[in-house]
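The values are calculated or read from the model by the stated rules, or taken from the named source; none is laboratory data. Note that the structure is a prediction, hence the values are computed from the model and not measured. Heads up, the Cβs are rebuilt from the backbone with ideal geometry, glycines too, and the neighbour counts pull from every protein chain shown.
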């Protein structure tokens with residue numbers, strides 16, 4: 001059982017983590033230590049890890065498919081897929097052209113730093129890679145767990161309520177970027193974009209909010225540019241090897 005949210009977590013091939021920690025602070029402290037080790041290793045190798053978080057149905061996988069197809073020929077891109085069950089999304093990402101490893105959490109509602117550390121040798125990203133982590137669809141638990149990522153990207157869709165940042169403030173409080181997806185549906189839904197942007201910035205003052213459509217392509221060039229800058233910054237920070 002997970003000590004923070006009560007979920008039962010099974011990692012990768014259905015093997016349970018086998019340890020219950022009674023205090024939330026102990027779980028998070030252990031995770032933070034593993035995340036720090038992950039982050040140091042990523043920085044040493046010039047790997048930029050982007051943690052994509054959202055509720056189910058926001059369009060994360062469609063966004064990733066399009067991102068992989070658009071950036072894959074230009075940048076070394078690979079993906080860690082987090083879901084409770086199945087390899088459906090991993091199959092989609094693989095078909096789009098990226099190396100991918102599926103992490104199945106069973107009844108668990110989030111990825112953690114240990115899961116990422118165990119999956120990375122299987123994924124085997126090259127130095128200088130962009131590693132996208134598609135976290136389990138959930139606006140609560142994933143926000144608690146540092147994976148060692150370079151940045152957190154929260155994805156919302158216009159088919160959800162514009163008040164979500166007010167209802168789930170911790171998720172948006174930790175965001176480095178917010179993508180508002182499915183804007184092609186705005187003529188058909190009751191969604192107040194200005195209210196959403198205001199709510200997101202009440203949770204995280206100054207956070208960038210990009211309006212995109214993963215199906216139609218609106219705004220994706222700006223998203224790709226953001227990814228390129230994130231990679232350029234971390235690659236530039238790596239000291240030349242002798």
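Some points to look at:
- Subset of segment 143-159 (residues that are touching a strand residue (DSSP E or B) at 6+ places or on another chain (Cβ under 8 Å) and either free of Cβ contacts under 8 Å to residues at least 60 places away in the same chain or part of a helix (DSSP H, G or I) (or both)): 143, 158
- Verdict on residue 199 being farther than 29 Å from residue 42 by Cα and touching a helix residue (DSSP H, G or I) at 6+ places or on another chain (Cβ under 8 Å): yes
- Per the listing 113, 98, 90, the residue uniquely crowded, with 17+ Cβ neighbours inside 10 Å, at pLDDT 95 or above, in contact with a helix residue (DSSP H, G or I) (Cβ under 6 Å, 6 or more places away or on another chain) and over 25 Å from residue 30 (Cβ atoms) is 98.
- Residues of segment 160-185 satisfying the condition of being closer than 21 Å to residue 50 by Cα, out of contact with any strand residue (DSSP E or B) (no Cβ under 7 Å at 6 or more places or on another chain) and not in a helix (DSSP H, G or I): 168
- For residue 234: the one exception among (1) surrounded by 15 or more Cβ atoms within 10 Å (Cβ to Cβ); (2) at pLDDT 95 or above; (3) touching a helix residue (DSSP H, G or I) at 6+ places or on another chain (Cβ under 8 Å); (4) farther than 20 Å from residue 64 by Cα: (2)
- So residue 75, is it surrounded by fewer than 24 Cβ atoms within 10 Å (Cβ to Cβ), more than 30 Å from residue 26 (Cβ to Cβ) and in contact with a strand residue (DSSP E or B) (Cβ under 8 Å, 6 or more places away or on another chain): yes
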